[in-house]
Amino acid sequence: MASQSTKLSISSREVSNSRSTRRLRREGQVPGVLYGGGDDAVPFAVDERELRHALAARGAVIELQLGGEATPAVLKDAQRHPVRGHTMHVDFLRVNLNVAIHAVVNLELVGGEGAPGVIEGGVLEHVTREINIEALPTDIPERLQVDVSSMQVNDTLTLAAVEAPQGVTILDDPDETVVATLTPPKLQAELEALDEEAALEQETELVGEGEAPAADEGDVDEGDSGGGDAADESSE
């Protein structure tokens, strides 16, 4: 669990149009908004490389430094380019380090390669990859892990098998949330065949209905995704 925050320098910016936002990104900056905590929303810009390093650091809390003041915050949302994958916009939420908050963390399977069912040829499927938790900002783990090394063919593992660290409460239903399944090879092959058959039927129906009209090239922005700037401005 995190015991300290990562520092990240940001600079204030004016809410601008899409063209100015694209210019900001070309300069290596990422637009963002800091909100919550009973204070006004603050539009800001941050160096893309520094942001990437801060988000990769340990711990959920990031200390945003603006004009000599430091504000503890957590990443609430990040919009990424659908092709290039780089961050296009971020939203940070102010937090009180003494008040528990809701967060979404990754759920990681460990020991799958050595599971008896996998050794026998079964197929291990990771069903739930993220879960909802509640914890103090500094207690939010980077991820939770669940051991699947003892899974047999036809086993189903639920969230009840996941042990939460001290100070962390799992909010999802432990008995209804399926984490992983291990299916027999034959059954898996049958399921894949059904998926292929359904896809072929859908493709046949589309061909019968005729081709969809071509997209207007003027609607495609070579620099950014079509909805990126609109999403940015709506966030601001």
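The values are calculated or read from the model by the stated rules, or taken from the named source; none is laboratory data. As the structure is a computational prediction, the values presented were derived from the model and not from experiment. When we count neighbours, we look across all protein chains shown, and the Cβ atoms used for this are built from the backbone with ideal geometry, even at glycine. Please note that ligands, DNA and RNA were not included when accessible areas were found on the heavy atoms of the full protein model with its side chains. Shrake-Rupley method; radii C 1.70, N 1.55, O 1.52, S 1.80 Å.
Expressed in Å, the radius of gyration and Dmax of the Cα atoms of region 51-149 are 17.5, 60.
On the basis of the beta-carbon distance and an R0 of 22 Å, Val178 and Arg143 show a calculated FRET efficiency of 0.75. For region 1-121, a crude dipole built from +1 on the beta carbon of Lys and Arg and -1 on the beta carbon of Asp and Glu, taken about the Cα centre, is about 560 debye to the nearest 20. Surface composition of region 1-74: carbon and sulfur make up 43 percent of the accessible area, probe 1.4 Å. Placing +1 on each Lys and Arg Cβ and -1 on each Asp and Glu Cβ, with no other charges, gives region 1-41 a dipole about its Cα centre of roughly 380 debye.
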